[in-house]
Structure formats: C-alpha cells, structure tokens
Amino acid sequence: MHTAAGAQARLPIRSDMDLVWVRQHVRQAAAQLGFGLVDQTKLVTAASELARNTLVYGGGGTMDTEPVSEGGAQGLRLTFSDEGPGIADLDQALSDGFTSGGGLGMGLGGARRLVHDFAIESRPGAGTTVRVTSWVGRAPRPREES
Amino acid sequence: MAGSPTHEVRDFLRRRREQIAQRWADEPLFRAVFTVSRDEAVEAGKAVVDALAQVADAGRVEDPDAAGFTAVREQLARMGAARSRAGLSTAQVSSELATLRPPVENLLLSDLQEATDTHVRDCVTTLSVLMGTLRVVVMQTALSEGQALIDRQRLQLLEVATPVIKLWDGIVAVPLIGTLDSARSQVVMETLLESIVEQQARYAILDITGVPTVDSLVAQHLMKTVAAARLMGAECIVSGIRPAIAQTMVHLGLDLGTVVTRSSLADALGYVLHQLGVGIVTPGANGTVTR
Ligand SMILES: Nc1ncnc2c1ncn2[C@@H]1O[C@H](COP(=O)(O)OP(=O)(O)OP(=O)(O)O)[C@@H](O)[C@H]1O
Ligand SMILES: [Mg+2]
C-alpha cells in the first residue's frame, strides 16, 4: 500500500470551531477522491463523532488526513489522536449506549459502522488514537453482531 | 548628574509632561480622536505621559503588563477603537502611534545637550523601547476589542439564524440551517418553546434541510427539543432528512424514537393540517384556493 501524493493535512482539534473545519475538510477531501454523496456523508459523520471525542474526552488533539490507494482502489484515511486520559475498557466504550459524559454513547460504535476499516489504540494515561479508512465505491462493511 | 537612563527618562517625562501632551494633541491620532476639544486631547496626553513615567519609575519599560499602564489602558483602548471604527487597519493605527515618538525624542534631545554621547544614546534607546511598549499595549487592547466584536457577532448570528415561523393557526416551524452545536441548539430550543407558548401552537415542525451533518450530538439535541416541546403540549415533526443523512443515521444507530418524520417541510405541513382536520381543496379554474 502506498500513499498518494499531496492532499495530506493535519488539523488541530481544540474548539467547536475546529470541528466545523474538520467536517468541511473531510467532505472536500472525500469529494475530491470521488466518494459519492452517501459515502461522503458517512465519512464526515464518523469524523464528526471521532473529532468530538478527541475534543471532549481527549482534551483536544489532531486529525491527520491521508489519501491511500491499494490495488487500484482509492481511499481516505483519518487519524485522530489525543494525549488525554485514554480508555480503560475499549469494549465497553465501543458498545452502543455506553457514555461517561451524558451523550448517547453512539459515537464510537457508530463511527466504526460508518467506515470500512477501524482501529483504536488507547492506553490509560497515555492518550487515544483512532484510525479509520474508507474506500471509494466499496460496499458498506457487513453489519456485525456485537 | 546623569542617573540611570531609565530614571533620566522618567524625570524628563515628569518635567516635560505639559509640553509633550501639547505636541501630541497636534498629532493625527489625538486630533482624530478628540475632535471636539483640544483641551481634552491635552488631558488625555498627560494621562499617557504620567503612565509612561510610572512605568519607567518601576523600571519596566519593556513590560506591556506593567502596572503603570493600568490607568490608561481603557483610554488607549477607546482611542484605538475610535480609529478602527474610522476605517483604519491595525497596521495604520500602529503607524499613527509611531508618530507619537519623534516629538518626545526631540524634546529629550534638546534637554540632553550637555550629556555625553553614550548617555544620550542610552536615554534615546530607553525612550524608544518605552514608546514601543506603549504601542504593544494599544495593539493588545485593539486585538481584545476585535475578539469581543467577534464574540458579539457570533451571539447575534445565533439569534438571527433561528427564526420561528408561524405557518398556520397552531403550527410553527423552525428551518434549521448550518451547524447545530450546543449553543445553537440551546437558542433554537428556547426560541421554539417561547413561540409555542406565544402562538399556542399544537404542532412544531423542525426542518433540518439546511443541516449538513447529523451526528449523535445533533440527534440528541433534536430529541431534547422534541421532548421539551411535548412538555409544552406541542407535537414535533422533523422534516428535511435527506436520503444520505437518513442512511448515515441508520448506520450510526440513531433513531428519532417516536418522533414523526417527513421528507419535506411541505409534507410535514400536509400531515399536520390533516391531523388538525383542515382540508385543502386544490385550486379551481379561477385559481382560488379554499380552505
Ligand atoms: N478520545 C477519547 N479519550 C478518552 N475517552 C474516550 C475517548 N473517546 C471516547 N471515550 C470514552 O468512550 C465513551 C463512549 O464514546 P462515544 O463516542 O461512543 O459516546 P459519547 O461520546 O459518550 O456520546 P455520543 O453518542 O454523543 O458520542 C465516552 O463516553 C468516553 O468515556
Ligand atoms: Mg462521542
């Protein structure tokens, strides 16, 4: 797998205003890569969830965007990282309805369902990194039972 | 007789207070701000000279946070703001401030005719550092003024962007546009609840055609608004959920519970009118609509 040239960017996530930039940036990058309207909307919504978690629970951080390609397929990879408190129980955090902050608890699990590849890495005290990738024109990932 | 340059400058400022203020009153910055009375300009100038002397006395000529500036900070902010309102850019205000230095420097030089070259140079340097710090102070206040302006405009935007429209007796609608962050949602909720009471509305339509992204927070805000409206005795209908957003909501696992949804505002209005038992008759040959 290699990275397509250009269109790489790092955006700060420090305020509500930054969340607006994150969404706009992802929408633009996805549209440029040829994502259809529905897939753009899914990826933007996943980014919105993950960026808000970075802001609210991670105490702020960054989002990196990177176009990727694999065997002729084009994709967009987003990496959210913070140096916040981390997540002690990942399974619990990913399960629908779990929230420690008065939310709906749908963000993490929902974001995972909205993208093709989803990886989360977190160590208590050391921060959290969530990396997601979606591919242009690929069918949605099958619904898995949890 | 030569003390330290800082004390020399301090003594000079105290001694020449009146003359400095008189000269400043003729500079564009003071002339433009104090248009009505020259005396007022001179008074304002004296206050600034006093502040500079106090800062020099404390030996803090490089420190924009020096206590000596406190007394004139507000006055300087007003002056800066007046020039911005007159259409000057920050850079232009800054160069107007720069014109305050030469007249003071000339006075200083004429007072130091007897002094050694090194002492003169040191005093002139100290004075320009001090005047530079004054510029920084004014620019700081100008910037925080700018921030306050942005904050005010944001608040105004919050209000203008959430009109509640009466569609029919007992039916109100809110066309939501843009980002539904927590602050916006709060305003939407309050405005909506107020108008439900005012209009004695039984139905409220929340149209989200103009909301680009519906994530879990937006959904939560919508549901809270719907629940609050219910408590006021009004039923909410959410309209304008575009197909891409509907699909995304399904994947995200969001459902709006028992909230009635319709694809367009028109459909929502049709639904509510039907609920209210209002019949609509299509236009006749003469183009009239009867209700
Ligand atoms: N970056 C992070 N750092 C620390 N904890 C996190 C982070 N992201 C998520 N969490 C934890 O995982 C929980 C679940 O996150 P999730 O996004 O699913 O729900 P939520 O943010 O609480 O509510 P919402 O439905 O509004 O997103 C959070 O309540 C929080 O405790
Ligand atoms: Mg969340």
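The values are calculated or read from the model by the stated rules, or taken from the named source; none is laboratory data. Predicted model, so just to flag it, every value in this text is computed and none were measured. Cβ: placed from backbone, ideal geometry, glycine included. Neighbour counts: every protein chain shown. Heavy atoms of the whole protein, side chains included, go into the accessibility calculation; ligands, DNA and RNA do not. Shrake-Rupley method; radii C 1.70, N 1.55, O 1.52, S 1.80 Å.
Descriptive notes on the structure:
- Of the criteria (1) out of contact with any Leu (no Cβ under 7 Å at 6 or more places or on another chain); (2) open to solvent by less than 40 Å² (accessible area, probe 1.4 Å), which one B:A56 fails: (1)
- For segment A:51-87, taking the residues that are within 16 Å of ligand 2 (Cβ to nearest atom) and in a loop (DSSP other than H, G, I, E, B), the one that is surrounded by the most Cβ atoms within 10 Å (Cβ to Cβ) is identified as A:G58.
- Residue list for segment B:191-229, restricted to those being in contact with an Asp or Glu (Cβ under 7 Å, 6 or more places away or on another chain) and within 16 Å of ligand 2 (Cβ to nearest atom): B:D215, B:S216
- Of all residues in segment A:88-102 being open to solvent by 30 Å² or more (accessible area, probe 1.4 Å) and either within 6 Å of ligand 1 (Cβ to nearest atom) or assigned to a strand (DSSP E or B) (or both), the one that is farthest from A:G125 (Cα to Cα): A:F98
- Among the residues making up segment B:252-270, those that are aliphatic (A, V, I, L, M) and within 14 Å of chain A (Cβ to nearest Cβ) are B:L252, B:L254, B:L256.
- Taken over segment B:228-251, the residue count meeting the criterion of being outside any loop (DSSP other than H, G, I, E, B), open to solvent by less than 70 Å² (accessible area, probe 1.4 Å) and within 14 Å of another protein chain (Cβ to nearest Cβ) is 6.
- Inside segment A:20-54, residues that are in contact with a Lys or Arg (Cβ under 6 Å, 6 or more places away or on another chain) and modelled with pLDDT under 95 make up a count of 0.
- The combined condition, being open to solvent by 10 Å² or more (accessible area, probe 1.4 Å), more than 16 Å from ligand 2 (Cβ to nearest atom) and under 20 Å from B:T213 (Cα atoms), is fulfilled by A:D39.
- For segment A:103-134, the set of residues classified as more than 14 Å from chain B (Cβ to nearest Cβ) and in contact with a Gly (Cβ under 7 Å, 6 or more places away or on another chain) consists of A:S122, A:R123, A:P124, A:G125, A:A126, A:G127, A:T128, A:T133, listed by residue number.
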